[in-house]
Every structure is written in structure tokens, then in C-alpha cells.
Amino acid sequence: FKGRCCFHRSRAGEAMACSESVDKLLANKDGLAAFRTFLKSEFSEENVDFWLACEDFKKTRSSTKMAAKAQKIYSEFIQANAPKEINIDFHTKNDISQNISEPTLSCFDD
């Protein structure tokens, strides 16, 4: 934020700089709040909620908890008419629905 844009950097480092900036932004309470406000104005707050749920999911070590969390993420964000349905293509949605039957820590990465 603060007037700096990752796109003013060289093309080679551009993607990495943006990724690092977003990670720092979302790790900061005030940055997350500002980003959430922006997403609300764009009617896409569900995207950061999904990302946060996936980050929490990646910290899960118990296979039982992993299965329960995967199903919750799927029903809240992925399935048709989910309360916070995110906008993803059919193939990604289909892959995720197949992957959550035996979830891994990377089943939502795509």
C-alpha cells in the first residue's frame, strides 16, 4: 500500500514482489481490514474469506479434521449456490470436488 505498487518493479521480480506484498498485507490486521473493505466495495469479499479458510486448512494435521474442514470449505465456497460461492471455472470446481473425497493439504491450491 502506501503509494508503492509492485508493478513499478522489473518484470522478472514483479510476480514475486506482488506475492510477497499480498502475503504481508493479509498477515497484517490493518492490511487485511483495508483489503476486506476494498473487496466489499467490489462485491467479492468471499475471495479473502476463502483464502483465509484455505490457509487455516493448510495448518491442519489430523486427517479427520482435514476431511471435516475440506467439506466445510467446499460447502461454503465451492458447491453450486454455496453461501459464499467463489467464481471459479467448471474444471477447477470439478477437480476440487473430486479431491476432497481424500483431501490433502494442497486440494484447494488450484
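The values are calculated or read from the model by the stated rules, or taken from the named source; none is laboratory data. All values derive from a computational prediction rather than experimental measurement. Positions of Cβ are generated from backbone atoms using ideal geometry, with glycine treated the same way; all protein chains shown enter the neighbour counts. Each accessible area value is taken on the protein alone, full model and side chains, heavy atoms only, with ligands, DNA and RNA left out. Shrake-Rupley method; radii C 1.70, N 1.55, O 1.52, S 1.80 Å.
Some observations on this one:
- Paramagnetic label zone (point 7 Å from Cα along Cα-to-C-beta, residue 63; backbone N under 14 Å) in the range 74-110: 101-105
- At most 12 other Cβ within 10 Å, DSSP loop - chymotrypsin sites (Phe, Trp or Tyr not before Pro), the range 74-103: none
- Rounded to the nearest Hz, the phi-derived 3J(HN,Hα) couplings of the range 61-72 under the Karplus curve 6.51 cos²θ - 1.76 cosθ + 1.60 (θ = phi - 60°) are 10, 7, 5, 5, 5, 4, 5, 5, 5, 4, 5, 5, where x marks glycine and proline.
- For the range 23-110, the set of trypsin sites (Lys or Arg not before Pro) satisfying both a DSSP loop assignment and a count of at most 11 other C-beta atoms within 10 Å is given as 59, 61.
- Applying a DSSP loop filter and a limit of 14 other Cβ atoms within 10 Å to the GluC sites (Glu not before Pro) in the range 46-110 leaves nothing.
- Excluding same-chain neighbours fewer than eight residues apart, the aspartates and glutamates reachable from residue 29 by a Cα-Cα span under 18 Å are 20, 45, 46, 49, 55, 56.
- Note on surface exposure: 38, 43, 108 rank 43, 38, 108 by accessible area, highest first, 1.4 Å probe.
- Accessible surface, per residue, of the range 45-107 when the full set of protein chains is kept, probe 1.4 Å, Å²: 62 Å²
- With a threshold of 21 Å on the Cα-Cα distance, the entries 24/59; 24/58; 58/93 are all at or under it.
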